[in-house]
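Trainee: One structure, pasted below without further comment.
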Amino acid sequence: RVFTQGQEEVYEGIGSAMLQSFLQGYNVCLFAYGQTGSGKTHSLMGAPDAEGIIPRLSKELMQHTEERLGECPNLSIKITMSYIEIYNEKVRDLLEKKPKGDEQTSLSLYERDGRVLVHGLSTHQVINTQKIAQLLAAGTARRQTSGTNMNETSSRSHSIVQLMMTQTYDPPEPGCRDVESTITLVDLAGSERISKADLVGHHIEESKKINQSLLCLGRALNHFSQLNTHTTEKVPFLRSSKLTRLLSDCFGGNSRTWMLATVSPSLYNLTETISTLEYAQSAKRIINTAKVNRVERAMEVKELREKVRLLNEEVERLLAESHERTLEQESSVQWEEYA
């Protein structure tokens, strides 16, 4: 689908569908891709008089949460938020509390249950839109940006905002499931040509790192677009970039994923526009295997473990009885032979 520059139109075409899937217990991802200055950050964050996808989604999410809690007294909803950036292949927690002027800590990645997680990442519980806005503002203020010929406030890092929600019923509600889900909102650094952006000094190294990670992302999109179904086969080049590792579940995995491709109307940027659309074409062909993420209730787990324990005891009892019968038979045979 092609959008104009209207923020409301973009949200209605993307945000509402994402939110519904998120509320149903599906993992959801949106990543904005395009050359620098084409409107990625504006589309996601927006401005006070033209809110982007994230502020609009936050308001609708909290409104829905209040309505659901009013309708279901036995429903509990917990929402937490994290905000990171990938700058020069270093993962940083944008909500880490550090003295002003101190550099954010570089965090490592690790894998658990098939997911890639950030070690030491802070999460913050949110109960209203004001809290989300406050965290967004605090994190965005710490994000790496600088001016180039192509964009006065060019993002020099990839940023990832995540909202995690758990919905549980206590006591259980007939026909309702306990679910947990994550919505991942990715503002990619803009692809750019060093010659066009007129970069110098350390900005050249920044641009190389940005383009390198975007190239790896493009290879991942192309790889998964050629598969008929998701595969758990290890893809070596996915591990060569922090970005593709963190987003590995978003393409071809357990997620409903949207890509927002932003392009310039200028003929001067034709090459970059064609490249962006080719990325989008690859992404469109990817087949994901999203499923509702059910939460295992503590009581259910306890009951199942108790059943397993009883079954194990029964198996041990039967094995013991079988062993005793075998010994009795062998003893009887030996006595008959002796007699």
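Taken together, the values in this text are just the output of simple stated rules run on the coordinates, not laboratory data. All of these numbers come straight from a predicted model, not from anything done at the bench. Positions of Cβ are generated from backbone atoms using ideal geometry, with glycine treated the same way; all protein chains shown enter the neighbour counts.
Trainee: Full-extension gain between E173 and E89, please, as 0.36 nm times their residue separation minus the C-alpha to C-alpha distance. Walk me through the numbers on the way to the answer.
Mentor: On the way: separation 84, 0.36 × 84 = 30.24 nm, distance 4.55 nm.
Here the answer is 25.7 nm.
Trainee: Turning to a different aspect of this structure: Cβ under 14 Å from L61's Cβ, L61 left aside: what net charge do those residues give with Lys, Arg +1 and Asp, Glu -1? Display every interim value, and only then the final one.
Mentor: Numbers: positive: R56, K59, R68, K78, K131; negative: E51, E60, E66, E67.
Within the 14 Å Cβ shell, the charges total +1.
Trainee: Q281 versus T166, label points 7 Å from Cα toward the beta carbon: distance in nm?
Mentor: Label at Q281, label at T166, 4.5 nm between them.
Trainee: Another question, if that's okay. Note down the nm distance, to one decimal, between modelled labels 7 Å out along Cα→Cβ at L318 and at V2.
Mentor: 6.7 nm
Trainee: Within segment 7-284, what percent of beta bridges assigned by DSSP are antiparallel, to the nearest 5? Could the numbers behind the result be given before it?
Mentor: On the way: 37 of 50 bridges.
Bridges in segment 7-284 are about 75 percent antiparallel.
Trainee: Roughly speaking, what is the stretch gain from L267 to R294, that is 0.36 nm per residue apart minus the C-alpha to C-alpha distance, in nm to one decimal?
Mentor: Numbers: separation 27, 0.36 × 27 = 9.72 nm, distance 4.89 nm.
Length gained, L267 through R294: 4.8 nm.
Trainee: Relative to a virtual label point 7 Å from the Cα of L310 in the Cα→beta-carbon direction, which members of segment 157-178 show backbone nitrogen distances below 12 Å?
Mentor: Under 12 Å, as judged by backbone N against the label point of L310, lies no residue of segment 157-178.
Trainee: Under a plain spin-label model, where a point goes 7 Å from the Cα along Cα-to-Cβ, how far apart in nm are K78 and E66?
Mentor: So the two model labels end up 2.3 nm from each other.
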